[in-house]
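Trainee: Quick one: this structure, given as structure tokens, is what I'll be asking you about.
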Amino acid sequence: MNNETMIAYFSMEIGLSNDIPTYSGGLGVLAGDTIKSSADLEIPIVAVTLISKKGYFSQDIDSGGRQVEHSVDWDPARFMTRLPRKVKVQIEGRAVYIQAWCYKVRSIAGGEIDVFYLDTDVAENTKEDREITAVLYGGDLQYRLKQEIVLGIGGVRMLRALGFHIKKYHMNEGHASLLTLELLLLHKRDVESVWDENWIWDTDKVKDLCVFTTHTPIEAGHDRFSYDLVQKILGEIIPLKVLKRLGGEHDLNMSHLALNLSNYINGVAKKHGEVSKNLFPGYEIHAITNGVHSFTWTCESFKRLYDKYIPSWANEPELLVRSEIIPDEEVWEAHLHAKNDLVDYVKKITDIKMSPDVFTIGFARRFTSYKRADLIFFNLERFLKICEKGKIQIIYSGKAHPKDTPGKDIIRRIVEIAKTINDNVSVVFIKNYNMEIALKLISGVDIWLNTPLRPREASGTSGMKAAHNGVINFSILDGWWIEGHLEGVTGWSIGPKPVESSLIPVNDATDAEDLYYKLETIILPMYYHDRSQWIRMMKNSISKLAYYFNTNRMMRRYVTEAYLR
Ligand SMILES: *Cc1c(COP(=O)(O)O)cnc(C)c1O
């Protein structure tokens, strides 16, 4: 470990591999891909997150389609090293001790990045405090605030204790924004020389140190804590008056705190940048569109293909722009390979026999209302009519947050519908979605479906993963897809053009109708009767989407536009 000047990347969740279950969805997987690309590019960065020793949760689905949650038990010692260094923070007036586990992310190109997982499960702490870093997004607001104190304040202290000199602190979402308070304390101006007490708080200095990426396009999605709770849990580490000026008059809004103390702020796709400007008027908000780590999200058969025709693609995914040179038969063969693997996996897990010859739709992500996982069943009769013209099978997977009742209801509805239409269409739900299942799905289906309610999909990344495997996107024009979509060339859109930059009324019927229309008249006929056009679109997905929507490109932009400012 060295102590040269570094970037520190803070994220409540990081998803690096299937064995380290400290992620819940896209935010965490993006953080993991960010670190992997940083290792490829040898960017001087370290990452800080929570150990989440009981994970997020592991998901079972009972016969009625109800989600049952179990806590995960995993042993960090199998993958990472526990460091002897401890730091402490004050929580409810008590000292809470924090240790860190160090995991090394190694690039195939040789780069190496440290990820520090903070852990309060140490003997010095009370039983209750030992649980603070146990469950990702678990517990109540009080629990969440304690976790954010450990992450933000504890994280800065740990990096200093380990000897790092940090030049930029990058907050991946608002969960880590308490780190700004620790930085204010560290950079306090000399009291003797000031006449205005506000002057001791060098907000300009802290702003120079901070980068904030927001991921949440709706007001209600941002973490807020009442000042009563803040006083009780955190205490008054800076005067309340000052905190209110930075974090909001009525309650502490973690996004506002980060916005007021960062010199560089960005959304995660162009549209999301615009939406965020409306949400947070008065701030300069940039946009750096997300990506995925190409090597991680390319299945074995496509890796072999790229190695053969586009050597060094993994470190220079831009080269995928040349995928035109791959012969059609070999693209199709690689796809069938991935599809057969998926069909075998589905048989093993669910005992349902799907066919590799049937047009297969994939849908998998967090289950929450705005993602509208069941939109394709909006008009069941109409859907079944379409299935008579060309056979369809659908594979679903995804978890709903334990407290997200509407999200859980959608899972139940899908499982119920699957039973009723069993004779005509095979619909399976694979339980316990994770990164391993994600790779099988995004590479093994024919079409990747995404039907969010606009403009709530800040970016979305699973469609980029699909594109890396020649799987064609069929999605609502929101997030990254607005930038990637060329109708009939890189995939297909669903619903009207995205002209609005704020919430629109729900219009399930219009969106569903467009979905049915394109499925029936364009997509199914092409899949079954014009294979060469289909393969052309698969290749376009690689050469016009994957070459760009990757984290290597994304990280170069963060370096030049955010870190080196
Ligand atoms: C990529 C990924 C996601 C994100 O999916 P979106 O469709 O972008 O929301 C969620 N969960 C897992 C396990 C993933 O790998």
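Trainee: Being touching a helix residue (DSSP H, G or I) at 6+ places or on another chain (Cβ under 6 Å) and at positive phi narrows it down to one of Gly444, Gly479, Gly460, Gly390, so name that one. Spell out the reasoning first.
Mentor: Working: Gly444 fails: at positive phi; Gly479 fails: touching a helix residue (DSSP H, G or I) at 6+ places or on another chain (Cβ under 6 Å); Gly390 fails: at positive phi.
Of Gly444, Gly479, Gly460, Gly390, the one residue that is touching a helix residue (DSSP H, G or I) at 6+ places or on another chain (Cβ under 6 Å) and at positive phi is Gly460.
Trainee: Looking at Gly55, Gly15, Gly110, which is the one that is in a loop (DSSP other than H, G, I, E, B), more than 16 Å from the ligand (Cβ to nearest atom) and either within 23 Å of Glu436 (Cα to Cα) or not basic (Lys, Arg) (or both)?
Mentor: Numbers: Gly55 fails: more than 16 Å from the ligand (Cβ to nearest atom); Gly15 fails: more than 16 Å from the ligand (Cβ to nearest atom).
Answer to the check: Gly110.
Trainee: Among the residues of the stretch 112-131, which ones are closer than 25 Å to Met6 by Cβ and surrounded by 17 or more Cβ atoms within 10 Å (Cβ to Cβ)? Spell out how you get there, then give the answer.
Mentor: Step one: filter the stretch 112-131 for residues closer than 25 Å to Met6 by Cβ, giving 112-120.
Listed by number, the residues that qualify are Ile113, Asp114, Val115, Phe116, Tyr117, Leu118, Asp119, Thr120.
Trainee: Can you name every one of the helices (runs of 4 or more DSSP H) wholly within the stretch 481-565 that holds 2 or more residues which are closer than 24 Å to Leu305 by Cβ?
Mentor: Details: elements: 508-518, 524-529, 531-540, 551-557.
Here the list reads 524-529, 531-540, 551-557.
Trainee: Could you tell me which residue of the stretch 348-367 is modelled with the lowest pLDDT, considering only residues that are outside any loop (DSSP other than H, G, I, E, B) and under 22 Å from Cys387 (Cβ atoms)?
Mentor: The qualifying residue modelled with the lowest pLDDT is Thr350.
Trainee: Any idea which residue in the stretch 96-111 is surrounded by the most Cβ atoms within 10 Å (Cβ to Cβ), counting only those that are more than 17 Å from Leu159 (Cβ to Cβ) and not small (Gly, Ala, Ser)? Explain how you work it out, then say what you get.
Mentor: Looking only at the stretch 96-111, we keep the residues that are more than 17 Å from Leu159 (Cβ to Cβ), and these are 96, 106-111.
Checking the rest, the ones that are also not small (Gly, Ala, Ser) come to 96, 106, 108.
Values: Val96: 23, Arg106: 11, Ile108: 11.
If we take residues in the stretch 96-111 being more than 17 Å from Leu159 (Cβ to Cβ) and not small (Gly, Ala, Ser), then Val96 is surrounded by the most Cβ atoms within 10 Å (Cβ to Cβ).
Trainee: Considering only residues that are among the β-branched types (Val, Ile, Thr) and part of a strand (DSSP E or B), look in the stretch 69-95 and name the one that is surrounded by the fewest Cβ atoms within 10 Å (Cβ to Cβ).
Mentor: Taking the stretch 69-95 and keeping what is among the β-branched types (Val, Ile, Thr), we get 72, 81, 87, 89, 91.
Cutting the leftovers down to part of a strand (DSSP E or B) gives us 81, 87, 89, 91.
Values: Thr81: 12, Val87: 21, Val89: 26, Ile91: 24.
Filtering the stretch 69-95 for residues that are among the β-branched types (Val, Ile, Thr) and part of a strand (DSSP E or B), the one surrounded by the fewest Cβ atoms within 10 Å (Cβ to Cβ) comes out as Thr81.
Each row is one residue, and each column tells you yes or no for (1) among the basic types (Lys, Arg); (2) more than 18 Å from Arg365 (Cβ to Cβ); (3) within 16 Å of the ligand (Cβ to nearest atom).
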{"position": "Lys440", "(1), (2), (3)": "yes, no, yes"}
{"position": "Trp448", "(1), (2), (3)": "no, no, yes"}
{"position": "Arg456", "(1), (2), (3)": "yes, no, yes"}
{"position": "Ser462", "(1), (2), (3)": "no, no, yes"}
{"position": "Trp480", "(1), (2), (3)": "no, no, yes"}
{"position": "Glu487", "(1), (2), (3)": "no, yes, no"}
{"position": "Thr490", "(1), (2), (3)": "no, yes, no"}
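Trainee: Residues to consider are Glu324, Glu330; find the one that is surrounded by fewer than 18 Cβ atoms within 10 Å (Cβ to Cβ) and out of contact with any Ser or Thr (no Cβ under 7 Å at 6 or more places or on another chain).
Mentor: Result of the check over Glu324, Glu330: Glu330.
Trainee: What is the residue count in the stretch 88-133 for residues that are modelled with pLDDT under 95 and either touching a Lys or Arg at 6+ places or on another chain (Cβ under 6 Å) or of a type in the set (Gly, Ala, Ser) (or both)?
Mentor: First, the residues of the stretch 88-133 that are modelled with pLDDT under 95: 108-110.
Filter again for either touching a Lys or Arg at 6+ places or on another chain (Cβ under 6 Å) or of a type in the set (Gly, Ala, Ser) (or both), leaving 109-110.
Counting residues in the stretch 88-133 that are modelled with pLDDT under 95 and either touching a Lys or Arg at 6+ places or on another chain (Cβ under 6 Å) or of a type in the set (Gly, Ala, Ser) (or both) gives 2.
The values are calculated or read from the model by the stated rules, or taken from the named source; none is laboratory data. Since this is a predicted model, take the numbers as computed values, not measurements. Ideal geometry is used to build each Cβ from the backbone, glycine not excepted, and the neighbour counts take in all protein chains shown.
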